[in-house]
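Step one of this worksheet: look at the structure below.
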Amino acid sequence: MHSNARFKPRNLRWFNRFLRWFFGAYLKAFFHIKPIGVELFKELKGPFVLVPNHQGNLDPFMVGSFVPRPVYWVTSDGNMRSTVLKFLLRLVGSIPKSKAIPDLETVNWIVDVIRRRGGVVGVFAEGTATWDGRTLPLVPSTAKLVKLLKVPVVAAVMRGGYHSQPRWSFQPRRGYMEIEYKLVMDGAAAKAMPAEDILAAMQAALAHDEAAWAAERPHEYRSRRIARHLELALFMCPACGAVGGMRSHRDRLYCRRCGYVNRVGSDYRFAPSGGFEPRFPTIPAWDDWQSAAFRAYLLDPARPESAPLLSDSGVLLLRGRKMNPLLRLRTGTMCLYRDRVELTTLYGRRLAFPLDQIEGEGVLKHQRFEFYIGRALYQFRFPRRWQSGRKWLMAVGELKAARAAAAAAAAASAP
């Protein structure tokens with residue numbers, strides 16, 4: 001059994017050089033990456049914080065391949081539960097962090113790297129990779145961390161990374177990428193600015209819309225299965241409103257219930273197919289509609305309280321904590337109700353997880369849905385690749401927000 005207490009980030013310089021010379025060179029050639037602003041690193045001699053936008057699993061290796069010094073990346077502790085992955089990530093100085101859960105030990109490791117070792121710490125301030133190619137709101141605690149460290153902040157803005165390695169796809173695509181490095185603030189500014197201004201400055205520096213960028217600089221991203229598993233992100237049909245009925249095949253995204261189908265082009269724009277005209281031109285446009293429509297579906301007052309809002313069968317439930325290996329608990333049908341997530345086993349046993357106790361919910365990798373209750377992590381693994389973990393993440397978030405708003409309204413109206 002591994003534990004955080006025995007873990008200490010170390011960064012082997014020889015292994016980092018090996019990664020840059022070989023794996024980094026491969027990534028540059030395969031994805032056609034163009035670096036911009038790398039001369040900045042000739043002027044930065046001391047420690048600094050590197051803050052990239054987050055578009056895919058290979059982001060740390062892509063961004064780090066152009067940085068002349070080893071980068072200690074803050075990474076999800078979910079990536080450290082495998083013995084092999086933990087060994088490899090330790091070689092590159094990874095610092096584990098529990099998603100959306102305050103972790104004093106992680107902060108202590110970061111402070112040690114910056115102040116005692118004079119190193120470089122890489123932080124994905126969005127907290128998770130984008131599902132639609134647009135930069136997400138940054139986690140406010142990142143600005144507080146910068147305020148604490150009082151060191152320069154360098155932004156690394158990836159463009160074309162989402163189209164090269166979409167969050168919802170299991171396969172990368174060859175095309176074109178840019179990574180622009182720019183100084184957001186020096187150490188003196190980080191010390192003097194309030195945390196709110198630091199957050200706003202980083203948000204502005206990392207702002208990126210992949211679809212808008214691609215419209216101005218069109219590139220082809222080659223794949224025979226360019227739409228494969230897009231239903232992990234776009235799970236709701238715009239024609240009939242079915243949730244979880246979308247499927248993909250090669251360059252087609254279609255609904256099993258009503259037959260609505262669109263073709264996905266090499267530029268990720270939707271095109272007519274099967275007699276259907278696309279309702280939306282791009283993935284972000286579809287996603288904007290889906291967010292509002294899914295919220296209305298979840299909060300529909302006409303739906304009976306006893307009826308499940310979502311359901312997936314064959315789901316494996318595991319339990320663990322932080323970097324410790326997860327233990328299998330049960331397999332069964334996963335359902336979402338207005339007040340709880342529930343797993344019903346083959347023998348009829350029901351395991352309920354009240355929404356009021358759930359925190360730190362997220363999607364690991366492509367579709368593993370997980371959350372914390374107290375100190376315990378619960379992870380749900382879906383047996384079929386078209387089953388969307390994002391659907392569950394959005395649903396739990398919307399229901400928790402609605403319950404919090406209702407509680408606040410009730411408290412405000414109380415005498």
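Residues being small (Gly, Ala, Ser) and in contact with a Phe, Trp or Tyr (Cβ under 6 Å, 6 or more places away or on another chain) are entirely absent from segment 373-382.
Residue by residue, here is whether (1) among the acidic types (Asp, Glu); (2) closer than 25 Å to LYS42 by Cα; (3) touching a residue at least 40 places away in the same chain (Cβ under 8 Å) holds:
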residue: LEU89; (1), (2), (3): no, no, no
residue: LEU104; (1), (2), (3): no, no, no
residue: THR128; (1), (2), (3): no, no, yes
residue: VAL151; (1), (2), (3): no, yes, yes
residue: GLY160; (1), (2), (3): no, no, yes
residue: PHE170; (1), (2), (3): no, no, yes
residue: GLY175; (1), (2), (3): no, no, yes
residue: LYS182; (1), (2), (3): no, yes, yes
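Of note, THR282 satisfies the criterion of being among the polar types (S, T, N, Q), touching a residue at least 12 places away in the same chain (Cβ under 8 Å), open to solvent by less than 30 Å² (accessible area, probe 1.4 Å) and within 27 Å of ASN57 (Cβ to Cβ). Can you name every residue in segment 292-309 that is open to solvent by 80 Å² or more (accessible area, probe 1.4 Å) and within 18 Å of PHE235 (Cα to Cα)? ARG295, the sole residue that qualifies. Would you point out the residue of segment 315-344, among those that are polar (S, T, N, Q) and at pLDDT 95 or above, that is nearest to SER388 (Cα to Cα)? If we take residues in segment 315-344 being polar (S, T, N, Q) and at pLDDT 95 or above, then THR333 is nearest to SER388 (Cα to Cα).
Restricting attention to segment 133-148 and to residues that are open to solvent by less than 10 Å² (accessible area, probe 1.4 Å) and more than 18 Å from the chain's Cα centre (by Cα), the residue that is nearest to ASP287 (Cα to Cα) turns out to be ALA143.
Under the condition of being closer than 22 Å to LEU148 by Cβ, aromatic (Phe, Trp, Tyr) and under 23 Å from the mean Cα position of the chain (by Cα), the residues counted in segment 33-76 number 2.
Restricted to strands (runs of 3 or more DSSP E) entirely inside segment 229-308, those with at least 2 residues that are hydrophobic (A, V, I, L, M, F, W, C) are 252-255, 261-264. Of all the residues in segment 238-264, those that are open to solvent by 60 Å² or more (accessible area, probe 1.4 Å) and at positive phi number 1. Go through the residues of segment 65-73 one by one and say whether even a single one is open to solvent by 10 Å² or more (accessible area, probe 1.4 Å), without any contact (Cβ under 8 Å) to a residue 60 or more places away in the chain, within 20 Å of LEU183 (Cβ to Cβ) and among the hydrophobic types (A, V, I, L, M, F, W, C). Within segment 65-73, one or more residues are open to solvent by 10 Å² or more (accessible area, probe 1.4 Å), without any contact (Cβ under 8 Å) to a residue 60 or more places away in the chain, within 20 Å of LEU183 (Cβ to Cβ) and among the hydrophobic types (A, V, I, L, M, F, W, C). The single condition from (1) open to solvent by 60 Å² or more (accessible area, probe 1.4 Å); (2) closer than 21 Å to VAL120 by Cα that ARG217 fails is (2).
Only one entry in ALA227, ALA195, ALA205, ALA188 is hydrophobic (A, V, I, L, M, F, W, C) and open to solvent by 60 Å² or more (accessible area, probe 1.4 Å), namely ALA188. Among the residues of segment 108-127, those identified as surrounded by fewer than 18 Cβ atoms within 10 Å (Cβ to Cβ) and on the phi < 0 side of the Ramachandran plot are ASN108, VAL111, ASP112, ARG115, ARG116, ARG117. As a summary of the residue check, ASP267 satisfies the conditions (1) touching a Cys at 6+ places or on another chain (Cβ under 9 Å); (2) open to solvent by 50 Å² or more (accessible area, probe 1.4 Å) except for the one numbered (1). State which residue is modelled with the highest pLDDT when the search covers only segment 33-69 and only residues that are closer than 17 Å to GLY160 by Cα and charged (D, E, K, R). That would be LYS34. If the condition is being at pLDDT 80 or above and touching a helix residue (DSSP H, G or I) at 6+ places or on another chain (Cβ under 6 Å), then segment 70-90 contributes PRO70, VAL71, TYR72, TRP73. Screening SER388 with (1) surrounded by 19 or more Cβ atoms within 10 Å (Cβ to Cβ); (2) polar (S, T, N, Q); (3) in contact with a strand residue (DSSP E or B) (Cβ under 8 Å, 6 or more places away or on another chain) gives one miss only, at (3). Here is the figure for segment 149-190: residues that are farther than 30 Å from TYR221 by Cα and modelled with pLDDT under 95 total 0. Against the condition in contact with a Ser or Thr (Cβ under 8 Å, 6 or more places away or on another chain) and basic (Lys, Arg), how does ARG247 come out, does it pass? No, not satisfied.
The values are calculated or read from the model by the stated rules, or taken from the named source; none is laboratory data. Because the structure is predicted, anything quoted here is derived from the model rather than measured. Cβ sites come from the backbone with ideal geometry, for glycine too, and all protein chains shown count toward neighbours. The protein model used for the area step is the full one, side chains on, heavy atoms only, and it has no ligands, DNA or RNA in it. Shrake-Rupley method; radii C 1.70, N 1.55, O 1.52, S 1.80 Å.
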